[in-house]
1. With each pseudo-label sitting 7 Å past Cα toward Cβ, what's the Ala217-Ala65 distance in nm, one decimal?
2. Sort out for me the Cα centre separation of the stretch 123-143 from the stretch 159-214, rounded to whole Å.
3. Using the Karplus equation 6.51 cos²θ - 1.76 cosθ + 1.60 (θ = phi - 60°), what ³J(HN,Hα) coupling, rounded to whole Hz, does each residue of the stretch 19-27 give in order, writing x for Gly and Pro?
4. Which angle from 0 to 90°, rounded to the nearest 10, does the C-alpha axis of helix 135-144 make with the longest principal axis of the chain?
5. Would you mind working out the magnitude of the charge dipole of the chain relative to its Cα centre, with +1 at each Lys and Arg C-beta and -1 at each Asp and Glu C-beta, to the nearest 20 Debye?
6. Roughly how many nanometres apart are two label points built 7 Å out from the Cα toward the Cβ at Ala131 and His166?
7. I'd like the orientation of helix 28-41 relative to the chain: the angle between its Cα long axis and the longest Cα principal axis, in ° from 0 to 90, rounded to 10.
8. Counting Lys and Arg as +1 and Asp and Glu as -1, what is the net charge of the other residues whose Cβ lies under 12 Å from the Cβ of Leu174?
Amino acid sequence: MIDDRSAGPSGTSARLAADWLALAGGSPAARAAGAELIARWAEPHRRYHTLAHLAAVLAAVDDLAGEAADPAAVRLAAWFHDAVYDGRPGWDEERSAQLAQARLPRCGVPPARVAATARLVRLTAAHDTVAAGDRDGAVLCDADLAVLGRPGYDAYAADIRREYAHVPDDLFRLGRSQVLRRLLAAPRLYRTDRARDLWEERARANMDAELARLDAAG
C-alpha cells in the first residue's frame, strides 16, 4: 500500500483502486464494490473522512500488519470503516458494517472473513471497546488513530471542525474536549507495541496542545 496523502485526488483514487483489486480480486462484483467505495469516500461533504484518510489508515495498517491475526480482514475493515459517513457516531459505523456484509459476499470473500470485517468496522465506533487479545481490533483501531501521532495534526483538527461546522462553537469545544480527555486518560492510547513506539508520545503532546487551545478559546 502506497501512502499517498500528498497526492492529488485523482492519483489517490487510482492507487486505491489498484490496492482494492489486489485485496478483493478483479471480478466484476469486486470492481463495482471498489468503485462504489471510492465514490463514497470522495463525497463532497467530507473534510477529514476522505480518500486521503482512507489511504493513511491503510498505510498505517501496513505498518502494523505483523501484529494482526488476519491482515486481510483488517484491510477490508479499513476500506469499510467510514464508507458511510453522515457525521452520526455509532449509526455511521453500523451502516458501514452492514454495507460490508452486503458487498463482500458478492466479491467471493468467505463468510467468516465477512463477519470478521463487519465486527471490526463496528469496533471503530468506540476504540476503547477493543478486548484484550483482539489482535485485529487492536491493529485497526491503532491505524485509525495513527493521525493523532503523525505530522499534520493541526490540519486534521481543523478538518474535523469543518465536518462539524453545523455545531455551534461552544458545543463543539465541549464535545471535542470530552473526546480528547477520554483519550488522554487511557493508560495506553495504542494497543499494539509497534503503534505505541511509533505514535504514542507525539499523539499525547498533540492532544494536550489542542485541549489547551480549546480551553483558552472557551
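Just so you know, all these numbers are worked out from the coordinates, no wet-lab data involved. Note that the coordinates shown come from a computational prediction; the quantities given were computed from them, not determined experimentally. Positions of Cβ are generated from backbone atoms using ideal geometry, with glycine treated the same way; all protein chains shown enter the neighbour counts.
1. About 3.8 nm, to one decimal.
2. First find each Cα centre; the distance between them is then 17 Å.
3. For the stretch 19-27, the Karplus-derived couplings read 5, 5, 5, 5, 7, 9, x, x, 5 Hz, x marking Gly and Pro.
4. Approximately 60 degrees, to the nearest 10.
5. 360
6. 3.5
7. 10
8. Result for the local shell: 0.
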